[in-house]
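See below for the structure under consideration.
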Amino acid sequence: MRKSAYAHAFILDPGRYRVDVFVRDIQSGAAGTKHVGFLVPNFPSDRLSASSIVLAAKLENMEAGAAVGPFVIGKTKVIPNLTATYRRGQPVGVYLQVYNAVTDQTTLRPAADAEYVLLKNGKELSKQVEDWREINDAGQRLTLTRLIDSRSLGPGEYQIQVRIRDQVSGQTIAPAANFTIVP
């Protein structure tokens with residue numbers, strides 16, 4: 001059985017939407033339809049906010065000037081892992097965007113701390129710190145990407161939590177996503 005992936009980006013205003021996907025096997029003629037509803041959130045400009053965490057099978061930094069293509073968000077190619085299941089030793093990709101971090105007037109850049117916290121059964125296993133000075137996004141949007149090493153993780157359910165603190169406003173958020181490690 002072969003797998004295929006397709007991506008098409010849309011810029012949508014906040015609100016409720018529905019996507020209807022029609023798929024047909026060109027050899028057998030078998031077809032199916034999938035209806036998926038989703039909500040595009042409204043991010044108030046005065047509050048620190050974040051996108052959902054995208055668990056990725058692959059994160060690739062695109063060279064400056066590289067052609068925009070499927071799965072490319074800004075300067076990063078993000079191949080999502082829709083099952084959120086990883087084999088032990090396979091890196092767990094984490095991608096998210098942070099919005100409305102307040103600009104530090106001394107550096108004229110958003111100043112935010114971010115920690116990637118790995119949890120199992122609510123217990124903290126490890127923590128990795130992101131240096132906000134290394135985040136090179138324009139405006140008040142910060143893109144966070146990280147590959148989490150899974151070689152030391154046993155089979156089971158895990159959670160990755162990204163704790164973000166705006167150094168200027170003092171606001172904090174902690175989006176999270178669950179994933180599974182299999183042998």
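Return the FRET efficiency for the residue pair Thr103, Phe38: r is the Cβ-Cβ distance, R0 is 35 Å, and the value is rounded to the nearest 0.05.
So, using R0 = 35 Å, E works out to roughly 0.70.
Length gained on full extension, Gln159 to Ser126: 10.8 nm, using 0.36 nm per residue less the C-alpha separation.
Local charge for Leu147 was computed over the other residues whose Cβ lies under 14 Å away, with Lys and Arg +1 and Asp and Glu -1, and equals +1. Using the Cβ of Thr85 as centre and a radius below 15 Å, the other residues enclosed give a net charge of +3, where K and R count +1 and D and E count -1.
The stretch between Lys3 and Glu63 holds 18.9 nm of extra length on full extension. This uses 0.36 nm per residue minus the Cα-Cα distance. For Ala176 and Phe22, the difference between the fully extended length at 0.36 nm per residue and the C-alpha to C-alpha distance is 52.4 nm.
Divide, for the chain, the radius of gyration over alpha carbons by 2.2 N^0.38 Å, where N is the residue count.
The reported ratio for this selection is 1.15.
Of Ala30, Ala114, Ala101, the residue with the greatest mean-square motion in the GNM of the chain, using alpha carbon springs below 10 Å, is Ala30. 3J(HN,Hα) along region 11-18, derived from phi through the Karplus expression 6.51 cos²θ - 1.76 cosθ + 1.60 where θ = phi - 60°, amounts to 9, 10, 6, x, x, 9, 9, 9 Hz, with x in place of Gly and Pro.
Computed from the coordinates by the stated procedures, all read-outs in this text should not be read as laboratory data. Note that this is a predicted model, so its numbers are computed, not measured. Neighbour counts are summed over all protein chains in view; Cβ atoms, including those assigned to glycine, are modelled from backbone coordinates with ideal geometry.
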